[in-house]
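Remarks on the structure that follows.
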Amino acid sequence: MKTLSTKPYKGTRDFYPEDQFIQNYIFSHMRRVAEQFGYSEYNGPILEETDLYRAKTGEEIVNEQTYSFTDRGGRDVTIRPEMTPTIARMVAQKRKELAFPVRWYSIPNLMRYERPQRGRLREHWQLNVDIFGAESLYAEAEIITIAHRIMTSFGAKQKNFLIRLNNRRLINAIMQDYLSLDEKTAHKLGKLIDRKEKIKVTEFDTELKKLVNKNFTKCKNLLAINKINELPKELQDTQGARELNELIKILKKQKITNITFDLTLMRGFDYYTGTVFEVFDTNPANRRALFGGGRYDDLVDIFGVEKVTGLGFGMGDVTMRDYLETYGLLPKYRSVTDLYICTFDEKYIDFALELASYLRNQGVNVAVNLTSKKIGQQIKTADKHGIPFIECIGEDEVKSDKFKVKDLKTRKEKVVNKGGIAKLIIG
Ligand code: HAM
């Protein structure tokens, strides 16, 4: 028989306590900031009907990156590769009862069949923060401010991350009016620009020539522009460019200055209709986006209901962890257990259990030795688990109500009575 591998499935991770500790740390920051802005947590199923993604998620993800199969009842289903279609479905379903604007967040795990590499795995967790039924640019500003605040709450400095902004309305004006491209070619050009950083310049140029022919130089010149006021006049007058200008003004008033206009920022999804943005590390060690999002005003209506505007972002745990590691912002592992009670002999375990129960009622997290191992080995176990305090139970402790509580880091010991243990450990 073939021996089974102990490794997790390709592109997925096991979370040992040290990893889960980091994951929980990241999630707790995400949750706190989302809630500070008035967002409530929701969740949805991990499996959806495949049609949900066929509508507007985009060819690349649906054709190449989904885990799809037919269930035993003959339905085509897909493990969620993103959360946006699910939340749009949930909003469409309850739209009559909801009070808009709706502000919701979630941290689902998602699966995409990708080639595992730095910043890209097959399973990742993604904070999703979305607002529905808010049309003004202040909604964009709020969403981007949340992304910004999550970064600073981790201790990131403004100079160490950059928010890139673009607008699908502006892109559409370029494709349709400025370059006079038909819908199909425009779509292809969008995908090509999306891949710009991943392919060689010569390859990009060849593809571009094929798509825009005589407009090649016009298009190349346009793509080199990185300021809105340097765009051709006719493009500066479009709604997309005006929205970008306005949004940047609002953000600057909120002291968010690490923003840049990026005409090449496309975002792969077909559902975006207005502002799109991504957040990047300024350090080249992490080239993948930390966040990506945008406005999607026509997604809720795919369910045959009246229009409800949407806007939000997704932020992945993999890229965030890499970022925090790069900047030395990860916390040191600390066990959730406060105290390990060791026993000099098995006959003291009953006493230890009773003491543990008493301390748990006072809020101390206590693990008790259940083995007949030597005391030294028990202490080593506690230390290896990262438990900060130990307490050894023997004849003296049972009789005297005096307990020697030892701090394993400082190696200092304090003698207290039963009533003083909790205070010493958790303050
Ligand atoms: P996305 O750009 O595909 O957007 O993903 C958002 C973020 O999730 C990325 O910037 C990255 O941090 C992380 N991410 C995506 N794929 C992977 C992967 N294979 N491995 C590790 N991390 C990954 C969306 O999914 C949109 N639905 C976000 C959104 C919400 N737009 C509006 N609301």
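The values are calculated or read from the model by the stated rules, or taken from the named source; none is laboratory data. Model, not experiment: these values are computed from the prediction. Backbone-built Cβ (ideal geometry, glycine too); neighbour counts: all protein chains shown. The protein model used for the area step is the full one, side chains on, heavy atoms only, and it has no ligands, DNA or RNA in it. Shrake-Rupley method; radii C 1.70, N 1.55, O 1.52, S 1.80 Å.
Okay, here's what the table says:
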item: J(HN,Hα) series, the stretch 109-115, from Karplus relation 6.51 cos²θ - 1.76 cosθ + 1.60, nearest Hz, glycine and proline x; result: 8, 10, 10, 10, 7, 10, 7
item: Largest-first principal axis extents, alpha carbons of the stretch 295-343, Å; result: 67, 32, 12
item: R0 of 22 Å, Cβ-Cβ distance Val336-Thr152: FRET efficiency to nearest 0.05; result: 0.25
item: Difference of contour (0.36 nm per residue) and Cα-Cα distance, Lys188 to Glu230; result: 12.6 nm
item: In order through the stretch 372-383: 3J(HN,Hα) via Karplus (6.51 cos²θ - 1.76 cosθ + 1.60), integer Hz, x for Gly, Pro; result: 9, 5, 4, 4, x, 5, 4, 5, 4, 4, 4, 5
item: Net charge dipole size for the chain [Lys, Arg +1 and Asp, Glu -1 on Cβ; Debye, nearest 20]; result: 1200 debye
item: Equivalent ellipsoid semi-axes, the stretch 176-280, via Cα gyration tensor eigenvalues times 5, rooted, Å; result: 25, 16, 14
item: Degrees, to the nearest 10: 239-253 long Cα axis against longest axis of the chain; result: 40 degrees
item: Rounded percent of accessible protein surface that carbon and sulfur make up, the chain, 1.4 Å probe; result: 49 percent
item: Förster radius 35 Å - calculated FRET efficiency between Lys402 and Leu370 (Cβ-Cβ, nearest 0.05); result: 0.90
item: Label zone at Arg115 (point 7 Å along Cα-to-Cβ), backbone N below 20 Å, the stretch 175-213; result: 191-205, 207
item: Cα-based reach from Lys56 at 21 Å (exclusive), listing lysines while leaving out same-chain residues under 8 positions away; result: Lys94, Lys184, Lys188, Lys191, Lys307
item: Potential lengthening between Lys209 and Asp345 on full extension [0.36 nm per residue; Cα-Cα distance subtracted]; result: 40.8 nm
item: Degrees separating the helix 17-36 axis from the principal Cα axis of the chain, which is the longest one; result: 60 degrees
item: Solvent-accessible heavy-atom area per residue, rounded to whole Å², over the chain at 1.4 Å; result: 52 Å²
item: Hydrodynamic radius (Kirkwood) for the stretch 10-108, which is based on Cα pairs only, to one decimal in Å; result: 15.9 Å
item: Kirkwood Rh and Cα Rg combined as Rg/Rh, the stretch 214-343; result: 1.14
item: Stokes-Einstein D in µm²/s, Kirkwood radius over Cα pairs - the stretch 335-419 at 25 °C with 0.890 mPa s viscosity; result: 193 µm²/s
item: Between helix 137-153 and the chain: long-axis angle, C-alpha atoms, 0 to 90°, nearest 10; result: 40 degrees
item: Column: log10 I(q)/I(0), Debye, Cα scatterers of the chain, q = 0.06, 0.12 Å⁻¹; result: -0.36, -1.03
